[in-house]
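Before any comments, here is the structure.
Since every read-out is calculated from the coordinates, none of them should be taken as a lab result. Bear in mind the structure is a predicted one, so any value in this text is a computation, not a measurement. Here Cβ is always computed from backbone atoms with ideal geometry, including for glycine, and neighbour counts include all displayed protein chains.
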Amino acid sequence: MRRTKVVTWTTSIINNFPDSSFIIVEKGGKKDDGGKTVPRGFRHLPVKDGSGKIELPHLRNAMARANQIKAFSPKDSTERIRAVAKSRLAGLARKYLESSEYSKSEKVRLALAYVRMELQDHFPIK
């Protein structure tokens, strides 16, 4: 079993992540010389580190914030990006809950984050 270490991702670290590190990238952005979408605000909910590895604490955080993301691009909508983000997050949660790679306590925290995300639409917390 693997124990996850929480790594703090600063804005400069996140800005250097490839687009594939994010749950969703809005329509309408342009690519910079490094192939990353600009403006950076079009990229939402980073869950993978720069090497492409999923970080469970960041996955849980993304689930908690899925209902808070807003579209910045006039070519996209908040409803669409939230729906796509939740669908992708749910798939990742199921994948990692079935994995034997993580401890029981890590799986419980992930399951709770998943349930909270699913309930946000039905019981919004103000």
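Structural remarks
- For Glu101, Glu118, Glu55, order by how many other beta-carbon atoms lie within 10 Å, fewest first: Glu101, Glu118, Glu55
- Order of Glu26, Glu106, Glu98 under a 10 Å beta carbon neighbour criterion, fewest first: Glu98, Glu106, Glu26
- Mean separation of Cα pairs under 8 Å and 6 or more residues apart, divided by the residue count, gives the chain a relative contact order of 25 percent.
- Computed label-point distance, nm, for sites Arg40 and Glu79 using a 7 Å Cα→Cβ extension: 3.1 nm
- Cβ-Cβ distance of Ser12 and Leu119, R₀ of 30 Å, FRET efficiency by 1/(1 + (r/R0)^6): the value works out to about 0.30.
- Lys30-Glu98 FRET efficiency (beta carbon distance; Förster radius 30 Å; 0.05 resolution): 0.20
- Contact order normalised by residue count of segment 31-95, Cα under 8 Å, 6+ apart, percent: 23 percent
- Estimated FRET transfer efficiency (Lys53, Leu112; beta-carbon r; R0 35 Å; 0.05): 0.95
- Where Cα atoms sit under 24 Å apart: lysine pairs in segment 43-101 separated by 8 or more or lying on different chains: 8
- Order of Ser77, Ser20, Ser100 under a 10 Å beta carbon neighbour criterion, fewest first: Ser100, Ser20, Ser77
- Each 5 Å bin from zero holds the following percent of Cα-Cα pairs in segment 11-119: 2, 13, 23, 23, 18, 12, 6, 3, 0.
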